[in-house]
1. Just read off the accessible area of D249 with the full protein assembly in place, 1.4 Å probe, to the nearest 10 Å².
2. Can you send over the solvent-accessible area of I74, 1.4 Å probe, protein chains only, in Å² to the nearest 10?
3. Run down the lysines and flag those whose C-alpha is under 21 Å from the C-alpha of K41, throwing out any fewer than 8 positions away in its chain.
4. From largest accessible area down, sort L129, L80, L272; use a 1.4 Å probe on the protein chains.
5. Let me spell out the model: positive unit charges on the Cβ of Lys and Arg, negative unit charges on the Cβ of Asp and Glu, origin at the Cα centre of segment 65-194. What dipole size does that give, in debye rounded to 20?
6. Hey, can you find the accessible area per residue of segment 139-200 for me, probe 1.4 Å, expressed in square angstrom?
7. With a ≥ b ≥ c the root eigenvalues of the C-alpha gyration tensor of segment 69-207, is it rounded (a/c under 1.5), prolate (a/b larger than b/c) or oblate?
8. Between T113 and D177, what is the label-point separation in nm under the 7 Å Cα-to-beta-carbon projection?
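The values are calculated or read from the model by the stated rules, or taken from the named source; none is laboratory data. These numbers come from a predicted model, not from an experiment. No Cβ is skipped: glycine too gets one built from the backbone with ideal geometry, and neighbour counts run over all protein chains shown. Ligands, DNA and RNA are excluded from the accessible area calculation, which covers all protein heavy atoms including side chains. Shrake-Rupley method; radii C 1.70, N 1.55, O 1.52, S 1.80 Å.
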Amino acid sequence: MAAPTNVYKHASVIGIREDLEDMVTNISPIDSQFSSACKKKKGTQIKHEWLTESVRAAAANAQAEGDDPTPTAITPAVRLSNTMQTQAVTFRISDIVEAVKAAGDVNSEAHQTVLFSKALAKDIELDFLTSTENTSDTYKMKGSLNWCTSNVGKSGTATVNANGTITGGTARVLTEDMVKDVMQDIFTAGGDPKKIFCGPFQKRAFSAFVGTSTYRQLVEKSKVGTNVDVYVTDFGELSIVPHRVMPTDVLFIPDMDYWGKAVLIPTGKTRLAKTGRSEILDISVTHTVVAYNEAASGRIVDLQTS
């Protein structure tokens, strides 16, 4: 049925206010579990250095009466270093955009500062894990995964390169034996990790392991649980932490007591020189990973991702 003549309808109305909620929804995840957990130290140079040492293995020790002992040579500490890396995000807002009112205040400098700071946090986490060191021009740190060279579970055809990266290797399905072998190596070296960081695919691979007597599941009454939260090994319990930034083909088992970050320039926001009718804001930090003793941690690589 047609509407009566001369009905004033919605399509003809001028001045209708928009029905726009005064908020903005953002579900982008911010995974920074590793970099946030690193112990913070002050740095003073682009090249940040530290010392590490170890006690020799146990040996039979019985001394003859009246013996004139021969001193054992002292092993000097090992001097290690990493390169400071500047990480930054920069954005520009015109005077008019800053002045006009927007739903959820999405155009304001304050809102964009929060948004870009979260983006920087994601970049920091990625480089703290995967960066390959560069000591000239654009300085780059060596990420924690590339520091882990002592306890590496890898394919037999894979090679651990001098810079810590892995080349070659055939993709393998994650198994319990892989985790147990690396945990044994870590324990033997003196490490005591409490967490495993892994991508979502490898988290599901854990939950698919057979032999649930070695797992702990936290399940409320009337709920069915198929996930594994804690993995109990012969060498300690490990919380399994799903991590969105972790490379899909890697499991990282860090002893966080032996990881730190040295900060040369703390995170801050700088208003850059104004060259027109807009403001340029730069959020940056200069820092690096400190691997106090990489042998206390381990990684499993060359894992199937589908």
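1. 60 Å²
2. 150 Å²
3. K122, K140, K142, K261, K269
4. On the way: L129 0, L80 45, L272 70 Å².
Ranked from most to least accessible, the order is L272, L80, L129.
5. On the way: 11 positive and 17 negative charges, 118 e Å.
It works out to roughly 560 debye.
6. Values: 2850 Å² over 62 residues.
Ligands and nucleic acids excluded, the figure is 46 Å² per residue.
7. Here segment 69-207 falls in the prolate category.
8. 5.6 nm
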